[in-house]
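Taking it in order: structure first as structure tokens, then the write-up.
Please treat every number below as a calculation from the coordinates, not as lab data. Source: prediction; values computed, not measured. Here the Cβ is made from the backbone with ideal geometry for all residues, glycine too, and neighbour counts use every protein chain on show.
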Amino acid sequence: MPSTPHIGLFIPCYVDQFYPNVAIATLELLEKLGCQVTYPMGQTCCGQPMANAGYERDTVATTKHFIRVFKDFDYIVAPSGSCVLHVKEHAPSIDGMEKEQSDLHHKIFELSEFLVDILKIDNIKGSFPHKVGFHASCHGQRGLRISSSSELNQSPFNKVKQLMANLEGLEWVELDRKDECCGFGGTFAVTEEALSIQMGKDRLDDHSIHGAEILTGGDMSCIMHLQGIAKRNRNTMQFKHFAEILNEAIS
Amino acid sequence: MSHPAKASEFLQDPAKSKWHDETLWFVRDKRDKSTKSVPEWEKLRDLASQIKDNVLANLGSYLEEFERNAKANNIHVHWAKDAAGHNEIVLGILREKQCKAIVKSKSILTEECHLNPYLEKNGVEVVDTDLGERIVQFLNQAPSHIVLPAIHLKKRDISEIFHEKLHTEKGNEDPDYLTQAARIHLREKFLNAKVAITGVNFGVAETGEFVVCTNEGNADMGVHLADVHIASMGIEKIIPKREHLGVFLRVLARSATGQSVTNYTSHFRSPSPGKEIHIILVDNGRTEQLGRPKFKDSLKCIRCGACMNTCPIYRRSGGFSYESTVPGPIGSILSPGIDLQKHSSLPFASTLCGSCTDVCPVKINIHEQLYEWRQEITKAQPDKAKSFAMKFANGIFAVPFAYNISGSMMRGALKILPDSITYSGLNTWGKQRDLPEIPNESFKDWYKKNRK
Amino acid sequence: MSSKDLILSKIKAVPLEPKDIPIIPDFETDGDLTANFTASIQANKGEVISTDALKSLLDSGVFEKVYSRVDEYSSFSNAEFPEDAHQLNDLNLAILRGQFGVAENGAIWLEDPDMGLRALPFITEHLVIVLDSDQLVGNMHQAYQRIGKKTSGFGLFLAGPSKTADIEQSLVIGAHGAKSLRVVLL
């Protein structure tokens, strides 16, 4: 491994467009932790929405482009579990780029995985005196195993919680249903709108009932959906990606 | 109607749908407490999964071994290539025995074959003896869950139908009272039935025996009082050896209801003197599914229902919203194999959260198969492509993902459009959610200014 | 072509990778077998009672028609064992001997000779099973090792009284089978 690895910052398309602060926080956080980070301007969508809607075969061009844009970095890091999971597991195989694609799969990480497993950071020191509820986005959790699943018989772990363990004043809220899906699900949010909304409302209630001030997680897609419901219902819950919390809190 | 329409309907009664969700979550929770008390739980899942992998890889030879051994023990073995074949075999046996009234314990396979209406059309009275199944039978409904058939009904609903059919006290909703009434009513049916039909939880190739698990004892009450026991078994229910029952019986009830074992686990190896046992081995699309590399692992299913209990969609939309004999996550990967057109909305009735896969005792990769069925469905149904394009256009996600439109133009448009347009009926996202606040610049813009 | 041949030929036509049968390891069971078995029976809404308690129960006459296959209690049998199980419909109490019990879940193993008629443990209104406490195994793997290759026509694991939760998930004891299970551990 080179002494100062060069990290390619992968920002999901909707984060680029709607939540630039999350991208900025990710970039600044990595830089504060001593990383050399570049955001390759040519990146576009990873193709996940199309693939999940049943058009994986139509994402060949997108996938090829993704590989070309990111192949020369030592690591690729994204503030999104679902996009990283898609690239690793559901991007179509590209003929003629087998090695690059395989290499890419081994060096792409969601942010909390990267901090804990690669940078070997135990936790971030700083201050964040708030009651925080964690939403375990499904793809990050059951896909990338960023945190333990309530379904499995395993010792509990949570990489995001671990990173926040030393933030002064932070109170981690315990939920009734620790890892139930928020109901976003990509096109599901629109094609099964009634279910999507009910699931989102139930997640918000779980956080509200247990006193969360700030709802955080690793995927802005989930947060966008939950925040949209909260605002429509005049719920004053705040929403932050954990990158924003860590970047704000870091001393 | 497709799943979204039925789900929407179900959710129109918020109190009922919340109750349904909480009731099934309670079952999931019981399952968790039970599985966490078994330190080797994950190892058991691995074993169950591997045994079933071995079964599917050797299905033909295990079925032949099973038949040989069962026949040597005086069990009549029949083979049915499809539902019609199965139903004809059952009727044939009933006609031979001149039997016009039977009792039947829970068998999702007989539901799949639509056995009851077929027999009734041919002059045979069929009484479903599992309490939940008898209740839905009285109501002319199908079971809404493969293990908890009446989970969608409240005490009040059951009290009303029992008052009508069994003349119980009007308004008496006490479960003990109602169950006792059903006990008396069904005891009479058991005593008079000459033929009893059961399902099969496991068929053991090594010994030719088969196993039926119940809590109520209704399968046994039927078969031990009758002269003839007909057992309907899907060909995938075979397991290689008796010792493998040790693995499956440790995971089945814990996954289904959180109990450590069902009350009764009956092993049928040969008939009582003077009686007959018939077993019908049914294909009905299973060999087709076996031939689908991405979907054949769905045949490992032991019908525990855990995936239904854990599914946030199933809990909030109910079994009937799937319009398939087996509903929920497992149903959504089995049914498209039977009728792709009819069941094309099912693999999309999911957020691919993966909870089903994590509770499955035989480690079927359910959520991955749901993803794979989506790929098959869009290939097979170009019309659906159009409707999805429409949904994209109507939903928020056409906008960020349309790289032909420049980001700033799109963001600008959303900023200045009045809410009445942004949140018009065409925009499904906006029906019950606000759009995110529109930032002044994208991250790309910021990066250009601040880093390059 | 017969259905059998059709089905088998369709299976044969599918190219399938070989997959080995896994070896089932010996899982350790810890804790006292009797204590764990008792807890399991109780969790299944059965009861473990002493021989004295059983005797008092039988002496009390609360069970009108009693049939015992266990010699120690044959003096309490007042029902003839019929040839036709239908005639057991009014039996109030059956006393049987179990072969062994499984601590992890309270399952008790019975075969044809233990029951006499297969309907007996189900049709009786109440059930008592007598079991030697040194005939307990820890888990189901050990149970099947114990059963081995035995060839009884019918074998039964019975773990509690008949029950259902089909009415709004309210647990009701005594669906179609026995309304109670009392186990006497000798």
### Other protein chain Cβ atoms within 10 Å, averaged over every residue that makes up A:228-236
3
### Query
To one decimal place, what Kirkwood hydrodynamic radius in Å is obtained for chain A from all pairs of distinct Cα atoms?
18.5 Å
### Query
So for region A:6-118, Kirkwood radius off the Cα pairs, Stokes-Einstein at 4 °C and 1.567 mPa s: how many µm² s⁻¹?
92 µm²/s
### Query
How many angstrom separate the Cα center of region A:92-106 from the Cα center of region B:71-116?
53 Å
### Task
Sequence neighbours fewer than 8 away in the same chain don't count; with that in mind, list the aspartates and glutamates whose C-alpha is under 12 Å from B:Lys449.
B:Glu441
#### Entry: Where GluC sites (Glu not before Pro) fall in DSSP loop in region B:131-172, at most 14 other Cβ within 10 Å
B:Glu169
### Query
Which peptide among B:229-238, B:25-34 comes first, and what is the full order, when sorted by highest mean count of other Cβ atoms within 10 Å?
B:229-238, B:25-34
### Message
Treating region A:126-249 as a set of equal point scatterers at the Cα positions, no solvent, please give the Debye-formula log₁₀ I(q)/I(0) at q = 0.11, 0.18, 0.22 Å⁻¹.
### Response
-0.35, -0.95, -1.38
### Task
May I have the convex hull volume per residue, in Å³, for the Cα set of chain B?
181 Å³
### Message
Whole angstrom only: what separates the Cα centroid of region C:93-114 from the Cα centroid of region B:248-296?
### Response
22 Å
#### Entry: Cβ-defined net charge surrounding C:Asn36, 15 Å radius [Lys, Arg +1; Asp, Glu -1]
-4
### Query
Tell me, which cysteines of chain B are without a disulfide-compatible partner by the Cβ under 4.7 Å rule?
B:Cys99, B:Cys113, B:Cys213, B:Cys301, B:Cys304, B:Cys311, B:Cys360
### Query
Which whole-number percent gives the relative contact order of chain B, counting Cα pairs below 8 Å spaced six or more residues apart?
20 percent
### Message
From the Cα trace of region B:195-348, what convex hull volume per residue do you get, rounded to a whole Å³?
### Response
128 Å³
### Summary
Averaged over residues of B:429-442, the number of beta carbons from other chains lying within 10 Å of each residue's Cβ is 6
### Query
Pick from C:Thr151, C:Thr38, C:Thr124: which is most flexible by mean-square fluctuation in a GNM of chain C where alpha carbon atoms under 10 Å apart are linked?
C:Thr151
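What is the order of B:Arg45, A:Arg145, fewest Cβ neighbours within 10 Å to most?
Going from least to most buried by this count: A:Arg145, B:Arg45.
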### Exceeding the 28 Å Cα-Cα cut-off - candidates A:Lys131/B:Lys16; A:Lys88/C:Lys10; A:Lys178/C:Lys163; A:Lys240/B:Lys431
A:Lys131/B:Lys16; A:Lys88/C:Lys10; A:Lys178/C:Lys163
### Query
So what's region B:41-284 giving for Rg/Rh, alpha carbon basis, Kirkwood Rh from the mean inverse pair distance?
0.97
## Note on the structure
Hull surface over four for the Cα convex hull of chain C, reported in nm², is 16.0 nm²
#### Entry: Using distinct alpha-carbon pairs, which all enter the 1/r mean, Kirkwood radius of the protein assembly as shown in Å
29.5 Å
### Query
When chain C is modelled as a GNM with alpha-carbon springs shorter than 10 Å, which of C:Leu91, C:Leu58, C:Leu16 fluctuates the most?
C:Leu16
### Message
Per DSSP helix of 4 or more residues, -39500 (n - 2.57); summed, then divided by the residues of the protein assembly as shown. What does that give at 222 nm, rounded to the nearest 500?
### Response
-12500 deg cm²/dmol
### Message
Report for the protein assembly as shown the percent antiparallel among DSSP-assigned beta bridges with both residues inside it, nearest 5.
### Response
25 percent
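Can you give the relative contact order of region A:154-251 as a percent, counting alpha carbon pairs under 8 Å and 6+ residues apart? Intermediate results must be reported in sequence, preceding the final value.
On the way: 86 pairs, mean separation 24.7, N = 98.
Over region A:154-251, the number comes to 25 percent.
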### Message
If packing is taken as the average count of other Cβ atoms within 10 Å, what order do A:221-233, C:98-110 fall into, highest mean first?
### Response
C:98-110, A:221-233
### Query
By a straight-distance test (C-alpha under 16 Å), which lysines pair with B:Lys452 as possible cross-link partners, with residues fewer than eight away in the same chain excluded?
B:Lys444
### Candidate lysines for bridging to B:Lys97, where Cα separation is under 26 Å - those fewer than 8 sequence places away on the same chain excluded
B:Lys71, B:Lys81, B:Lys106, B:Lys121, B:Lys189, B:Lys194, B:Lys275, C:Lys4
### Query
Computed over the Cα atoms of region B:57-119, what is the ratio Rg over Rh, Rh following Kirkwood?
1.02
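Note down the relative contact order for chain A as a percent, whole number, built from C-alpha pairs under 8 angstrom at least six residues apart.
RCO, chain A: 20 percent.
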### Query
Mind checking the mean number of beta-carbon atoms from other chains within 10 Å of the Cβ atoms in C:148-154?
6
